There are 2 protein chains.
Amino acid sequence: MIQKFITLTLVLLLSLGTYAQSITGFKPENKAAQLELEAQFESRLKAENLDAWMQRLAAEPHWVGTDYGKKNAEWMAEQFRSWGYDAKIETYHILFPYPKVRELELLSPDPYTAKLTAVPVEGDPYTAQGDALLPSYNAFSTDGEAEAELVFVNYGIPQDYEELEKMGIDVKGKIVIAKYYGSWRGIKPKLAAEKGAIGCIIYSDPEDDGYVRGDVYPEGAFKNKTGVQRGSVMDMPLYPGDVLTPGYAAKKDAKRLDRKDAPTITKIPVLPISYEDALPLLSALKGPVAPNAWKGGLPITYHVGPGPAKVRIKLEFDWKITPAHNVIAKLEGSTYPDQWVMRGNHHDAWVHGANDPVSGMVAVMEEARVIGELAKQGKRPKRTVVYAAWDAEEPGLIGSTEWVEDHEKELQAKLVAYINTDSNGRGFFGAGGSHTLQAMVSEVADAVTDPQTGVSIKERRIARQLAGGGNASFELSALGSGSDYTPFIQHAGIASLNIGFGGENAGGEYHTIYDTYPHYTRFKDPGFNYGVALANTAGRIVLRMANADVLPFEFKQWHATVEGYLKEIMEETENRRKEVKRHNELVDRKAYALAADPRENIAPPKKKEEIPYLDFSPLQNSLATLGDRIAELEALSPESLPVEKQKSLNAALQETEQVLTDMTGLPRRPWFRHRLYAPGFYTGYGVKTLPGVREAIEQENWKEAQEQIELLAETFKRMDQHIVNLIRLSK
Amino acid sequence: MIQKFITLTLVLLLSLGTYAQSITGFKPENKAAQLELEAQFESRLKAENLDAWMQRLAAEPHWVGTDYGKKNAEWMAEQFRSWGYDAKIETYHILFPYPKVRELELLSPDPYTAKLTAVPVEGDPYTAQGDALLPSYNAFSTDGEAEAELVFVNYGIPQDYEELEKMGIDVKGKIVIAKYYGSWRGIKPKLAAEKGAIGCIIYSDPEDDGYVRGDVYPEGAFKNKTGVQRGSVMDMPLYPGDVLTPGYAAKKDAKRLDRKDAPTITKIPVLPISYEDALPLLSALKGPVAPNAWKGGLPITYHVGPGPAKVRIKLEFDWKITPAHNVIAKLEGSTYPDQWVMRGNHHDAWVHGANDPVSGMVAVMEEARVIGELAKQGKRPKRTVVYAAWDAEEPGLIGSTEWVEDHEKELQAKLVAYINTDSNGRGFFGAGGSHTLQAMVSEVADAVTDPQTGVSIKERRIARQLAGGGNASFELSALGSGSDYTPFIQHAGIASLNIGFGGENAGGEYHTIYDTYPHYTRFKDPGFNYGVALANTAGRIVLRMANADVLPFEFKQWHATVEGYLKEIMEETENRRKEVKRHNELVDRKAYALAADPRENIAPPKKKEEIPYLDFSPLQNSLATLGDRIAELEALSPESLPVEKQKSLNAALQETEQVLTDMTGLPRRPWFRHRLYAPGFYTGYGVKTLPGVREAIEQENWKEAQEQIELLAETFKRMDQHIVNLIRLSK
């Protein structure tokens, strides 16, 4: 009895907590109903569904083009239908390479042939599937054969090549070996080729996700010596999606580029290997000892080379046009059928993909199931809800990109927001996305309880920020690339989110044969408690976006964030100016030359170009005006307007993210149209905010920087006009 | 001919450079003569002497008590005599333990018996000397046997135990294994015993001086898997020197403590091992994965334990009273025979000690030879020059400490300064010491040319500071402990310096069987160019101190330095106050508890005691007064006073460092008397400046901190009176 009393009291307290919450976009009399709906939604989520579905979806390897992948798509479509959705499979025909020949040899001094095979775990049915497992490779490596001396290039990112230059080491005509991590993998062969290398090997150093991090699989979660990370090396910062149909859908009869003209296939052959295979190669290098920061966790002295290690690499692929099956499931809205809220996750994996992508996919399905069930009981969302299971995400966000390119106009007319997930695990709530949605996500994060601690997921996340020395504010990170939100936000200008839990789910299984159900349930999210938390969080976001009287876009936090980006760029430019000045003074007094060890033959650095003063005032002025305008807007309360007026307002609000995009796109990569966020040209996934301006400065292109400042100021002025319109419609 | 012309021009330019130099303490008409003397001194230094003498001194192992050590002492005394010195051997009788029994076993899970033996290098006569090599051990470990579960404690320093506490791991009744580095080695068993451990193993992780740093010996300079660092673990922060005769000389018939009462012998057995021997022990640990910062370079997942690894350690020593032979060689001064300038280096080694100590010792000898030669030609120094070769430095600064304790009154009456060296190699000029000597050392550093770059050793050092992001000022570091300057500065209150070159001489040979002539000449200082640079630098310092009209003590830089220390302590106290405040706020809002992984059972931190405001004003006021007084003194030019007046002034100047010491010493360790510098009670060698105040604050003893502030202010007031006296004597 006492137990029951406590439980009841807790429920009451929690309920009171819930009902005291603020939820933007709802008129006062609709708030309680929405919160009641969300509580019902939450109460129906079942961890056992996630568990069962993961076992089903991740039973066999299911990369794009496999029978099992197709079966998964068909089965999911069937499930959506059973929950009341209008589900169909939309198929595109994309280029996908399957590895036919993979050879890597150390020719001298001591010959070694790379094994290129991960060992199965004793007694484990998944890793024992032999030939059914996709061989380890990097998709969209070019075919090729190369034989040359080896050079170790650390992570193979721009600053590593600066370091090599200081050492007087040129990779021209060499084969480079780079560690995974430090950047998105596709940057490594791209830069290596730009520097003249003729082949690229990427390996997983034990320091990054092997024994240095923790016990290795199957004893622990980390990468054992045979594990290999697969992954795409397509030049996605140029454009993602099918390499042969840039900017338009890869329909069966679409006009296609010649493969040899496809700019996003690598210029040199590239192959990923395990640390077992990397050890003989790295051990055979001589030349300078690697800089301290380059050293990994292998029990050797890391040398840079070049040589005497000489290696041969040979790669051939079966380049086939392959069907990619997206599952699209719609539940028509009761009030605004032509305003859509979309939710998606990919379903293709490199191998079994229990974590990536199935852990996210099963949460998506459970949300859809419960929302469908509630609809059947008369609680149909006001706006149309669209669920998606994307195919061919792994090789290059292909399924989602082709679909967005196919439906671009319709999406721009109808889609309010796209909410993405991609893998999930135990830990802390993480969210990135359009900053107009930050306030809404923050409110949702107040409403969801963390399964381990009983506080809200927001409180736990803030606790972590504080314990790590940070502040107590909830902020969305900015989105670069790396999952299926990319075509929505970067190309079509749709407000997007990417959310998930993690931080207590570390492992080395990513894109290996070990990303299986047993690994997931032992190390990532035992009991699927965070899978349910994800469904709860994403589901509430969908329901709020779908039911809000006024779409919950917020502009004050958005403005503060953008102002922060500008401040950051201005400060970084100022700091770089000071650094260049000091650097040049030091070159003049020969400080670097005198400080260097004469035996190491380090070329002393040269003087750098002084950084000119840029005119940031167009941005400062337009943002200042915008700030005043937003203050005016935020003082209004459109939630209480009559519905017809709200319809016009909502229609205008929905266009917000498109105001922030520009059909001309970024310099040299017009596919990327957003003026606030883009993946970095030399970081790959990593975001660059205010990318036109920032990257021009980073690349010391001062003329372009000033042009981009003007263009961005134009965007802010358009945004100002947009806010003027919203003010008009909010009265 | 052209070559000759260029050479001549260079000589002229260099000479002009030299003669333009300022040298403090000389009246204008004596400056040129002094610089000419120094130029002659420099021109007579011969690298081949250093080379030959190193081969002689480092031919066989020569730790204290060995026949070869005695022969070295006698041979050096003979050399000094041949150069015109009055040389004698002063012998003390000290307790020195020789290892009789050294046993270390992993008992379970998989038994392993530690080899405890470094392998000889093929074809190398030194490392092949077998039983003549001193077995690897830690001197002044207690005898003992222990059997217990093992715990990995990282470096075994205070913050590591805080981390263990968070993990809920207690070392009580366990045997700890700690990495070398992170502190002076003696701190590791001291702290382990304080925490209740019953045994301590110290090993050299390959990350610190093995293959992670570079190729291992004999291929490269770093520690191979069998190398073991020997070294003393005597509790030197309490008092150095003979453990049985604290504060007085260990003469043959001295009253001695019972060994069991000697407070500086460790409380638990402690043994150093190689990374080959450490690997099976560390591999056998389970329990939590070690924090990231703890992980070393072995190819394993580092776990903390405790256990299941169970180890047994057994150590027995032959505790013998052993003769320690100091060589003391005097060259009487022409004008001030009762003012001494002393120069020393130790001669005992753990094994052959080519680098430590012989590389410094041979430079000392070469200086002495040339100064003796110049004296014979009528250029005898004005003050008496005393050369010392100390014995028994390695086990605990014993030879020098006993000698200083023996001659304390005479030294305080006569000794102007002590200049120490201890090992030397290729690279940058480094100097620590009394800040009253900073200006003089800086002037000497202007006069010495770097052998590799041709600029002054000061310019090269400043270049390194600048290239590393630092400033362009030449500063002496503060002295803690770690070599034979300790009894001079810390106990007797004699102005001291410790100088050397390094930074391009890294290796893993320290205190191993690999510190030999071949290793030294390949990796440390090929050609002995930096040995000559050291002799040149130290010799010039000796000659300036010996010949100066007015002793070159300077007070303005001294004052700025001390003011800097005070500022630092005040800022650190303020920062700690803020940190404690934030910490307590975070504990109150449960941020640490919520941020922790519930599966890791990390105990959330508790609230800390708030830091009270201390009254620093006595220090601020006394330093302000002192600053004004020093400005008054520095405006005077005593170099031009008549000689008789200068004699009184010099006598007063010589007492300066004693004004800064206090016979009551530091709390709980009265042997350490200096009020500005001391080795840290929990850092061992590492210096703590204004140690009474700083350590009281660090140990959160606020009452003692305030008391120490008052005591230090008294010291500054005494210094003020001293400056008043100097002003009087300078007119």
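The values are calculated or read from the model by the stated rules, or taken from the named source; none is laboratory data. Keep in mind that what you see is a predicted model, and the values were worked out from it rather than measured. Positions of Cβ are generated from backbone atoms using ideal geometry, with glycine treated the same way; all protein chains shown enter the neighbour counts. Only protein heavy atoms, including side chains, enter the accessible area calculation; ligands, DNA and RNA are left aside. Shrake-Rupley method; radii C 1.70, N 1.55, O 1.52, S 1.80 Å.
Identify all residues within region A:696-713 that are out of contact with any Pro (no Cβ under 7 Å at 6 or more places or on another chain) and under 17 Å from A:GLY627 (Cβ atoms); write none if there are none.
A:LEU712
Given (1) more than 11 Å from chain B (Cβ to nearest Cβ); (2) at positive phi; (3) at pLDDT 95 or above; (4) touching an Asp or Glu at 6+ places or on another chain (Cβ under 9 Å), identify the lone condition not met by A:GLY433.
(4)
Would you check which residues across region B:64-87 are under 19 Å from B:GLU393 (Cβ atoms) and open to solvent by 30 Å² or more (accessible area, probe 1.4 Å) and list them?
Listed by number, the residues that qualify are B:GLY65, B:ASP67, B:LYS70, B:LYS71, B:GLU74, B:TRP75.
Kindly list, by first and then second residue, each pair from a residue in region A:276-289 that is within 11 Å of another protein chain (Cβ to nearest Cβ) to a residue that is assigned to a helix (DSSP H, G or I), limited to pairs with Cβ atoms under 9 Å and residues at least 6 apart or on different chains.
Listed pairs, sorted by first residue: A:PRO288/A:GLU600.
Considering only region B:471-498, state which residues are more than 10 Å from chain A (Cβ to nearest Cβ) and either open to solvent by 30 Å² or more (accessible area, probe 1.4 Å) or over 24 Å from the mean Cα position of the chain (by Cα) (or both).
B:ASN471, B:SER473, B:GLU475, B:SER477, B:ASN498
Contact list please: Cβ distance under 6 Å, first residue in region B:543-568 and under 18 Å from B:PRO618 (Cβ atoms), second residue among the aromatic types (Phe, Trp, Tyr), pairs at least six apart or on different chains.
Within 6 Å, no pair qualifies.
On the given criteria, is B:GLY503 outside the structural domain of B:GLY220 (by TED's automatic domain parsing) and open to solvent by 10 Å² or more (accessible area, probe 1.4 Å)?
In short, yes.
For B:ASP124, are the conditions met, namely being in the same structural domain as B:LYS195 (by TED's automatic domain parsing) and closer than 30 Å to B:HIS303 by Cβ?
Criteria not met by B:ASP124.
Go over the candidates A:TYR239, A:TYR248 one by one and state the one that is more than 14 Å from chain B (Cβ to nearest Cβ), hydroxyl-bearing (Ser, Thr, Tyr), open to solvent by 40 Å² or more (accessible area, probe 1.4 Å) and part of a loop (DSSP other than H, G, I, E, B).
That would be A:TYR248, the only listed residue that is more than 14 Å from chain B (Cβ to nearest Cβ), hydroxyl-bearing (Ser, Thr, Tyr), open to solvent by 40 Å² or more (accessible area, probe 1.4 Å) and part of a loop (DSSP other than H, G, I, E, B).
Return the only residue of A:TYR510, A:TYR514, A:TYR520 being assigned by TED's automatic domain parsing to the domain that holds A:ASN49, open to solvent by 10 Å² or more (accessible area, probe 1.4 Å) and closer than 22 Å to A:ASP391 by Cα.
A:TYR510
Identify all residues within region B:507-552 that are outside any helix (DSSP H, G or I) and touching a strand residue (DSSP E or B) at 6+ places or on another chain (Cβ under 9 Å); write none if there are none.
B:GLY507, B:GLY508, B:GLU509, B:TYR510, B:HIS511, B:ASP525, B:ALA548, B:LEU551, listed by residue number.
Which members of region B:51-63 meet the condition of being buried (at least 22 other Cβ atoms within 10 Å of the Cβ) and either out of contact with any helix residue (DSSP H, G or I) (no Cβ under 6 Å at 6 or more places or on another chain) or more than 19 Å from B:ASN355 (Cα to Cα) (or both)?
Of everything in region B:51-63, just one residue is buried (at least 22 other Cβ atoms within 10 Å of the Cβ) and either out of contact with any helix residue (DSSP H, G or I) (no Cβ under 6 Å at 6 or more places or on another chain) or more than 19 Å from B:ASN355 (Cα to Cα) (or both), namely B:TRP63.
Restricting the search to region A:451-466, which residues are surrounded by 19 or more Cβ atoms within 10 Å (Cβ to Cβ) and either modelled with pLDDT under 95 or more than 8 Å from chain B (Cβ to nearest Cβ) (or both)?
Matches in region A:451-466: A:PRO451, A:SER456, A:ILE457, A:LYS458, A:ARG461.
Residues are listed down the side, and each one gets a yes or a no for (1) in a loop (DSSP other than H, G, I, E, B); (2) surrounded by 15 or more Cβ atoms within 10 Å (Cβ to Cβ):
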| position | (1), (2) |
| --- | --- |
| A:ILE94 | no, yes |
| A:TYR98 | no, yes |
| A:GLY123 | yes, no |
| A:THR127 | yes, yes |
| A:ASP131 | no, no |
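Residues in region A:100-121 that are in a strand (DSSP E or B), open to solvent by less than 60 Å² (accessible area, probe 1.4 Å) and of a type in the set (Val, Ile, Thr): how many?
1
Looking at region A:665-723, which of its residues are open to solvent by 60 Å² or more (accessible area, probe 1.4 Å) and either acidic (Asp, Glu) or within 16 Å of A:SER617 (Cα to Cα) (or both)?
Scanning region A:665-723 gives A:GLU698, A:GLU700, A:LYS703, A:GLU707, A:GLU710, A:LEU711, A:GLU714, A:LYS717.
Of everything in region B:597-610, what is more than 8 Å from chain A (Cβ to nearest Cβ) and either part of a loop (DSSP other than H, G, I, E, B) or open to solvent by less than 50 Å² (accessible area, probe 1.4 Å) (or both)? Give them in sequence order.
If the condition is that a residue be more than 8 Å from chain A (Cβ to nearest Cβ) and either part of a loop (DSSP other than H, G, I, E, B) or open to solvent by less than 50 Å² (accessible area, probe 1.4 Å) (or both), then B:ASN601, B:ILE602, B:ALA603, B:PRO604, B:PRO605, B:LYS606, B:LYS607, B:LYS608, B:GLU609, B:GLU610 are the ones that fit.
Among (1) in a helix (DSSP H, G or I); (2) aliphatic (A, V, I, L, M); (3) touching a Gly at 6+ places or on another chain (Cβ under 9 Å), where does A:LEU281 come up short?
Going through (1) in a helix (DSSP H, G or I); (2) aliphatic (A, V, I, L, M); (3) touching a Gly at 6+ places or on another chain (Cβ under 9 Å) one by one, A:LEU281 breaks only (3).
Among the candidates A:LEU729, A:LEU653, which residue alone is over 22 Å from the mean Cα position of the chain (by Cα) and surrounded by 22 or more Cβ atoms within 10 Å (Cβ to Cβ)?
A:LEU653
Identify all residues within region A:566-586 that are within 14 Å of chain B (Cβ to nearest Cβ), open to solvent by 60 Å² or more (accessible area, probe 1.4 Å) and either among the acidic types (Asp, Glu) or in contact with a Leu (Cβ under 9 Å, 6 or more places away or on another chain) (or both); write none if there are none.
A:GLU579, A:ARG582, A:GLU585
Could you check A:ARG544 against (1) of a type outside the set (A, V, I, L, M); (2) open to solvent by less than 30 Å² (accessible area, probe 1.4 Å); (3) in contact with a Phe, Trp or Tyr (Cβ under 6 Å, 6 or more places away or on another chain) and say which number it fails?
Going through the list (1) of a type outside the set (A, V, I, L, M); (2) open to solvent by less than 30 Å² (accessible area, probe 1.4 Å); (3) in contact with a Phe, Trp or Tyr (Cβ under 6 Å, 6 or more places away or on another chain), A:ARG544 breaks only (3).
Looking at B:VAL289, is it outside the structural domain of B:ASN154 (by TED's automatic domain parsing) and either open to solvent by 10 Å² or more (accessible area, probe 1.4 Å) or closer than 30 Å to B:ASP86 by Cα (or both)?
Taking the combined requirement at face value, the residue does not satisfy it.
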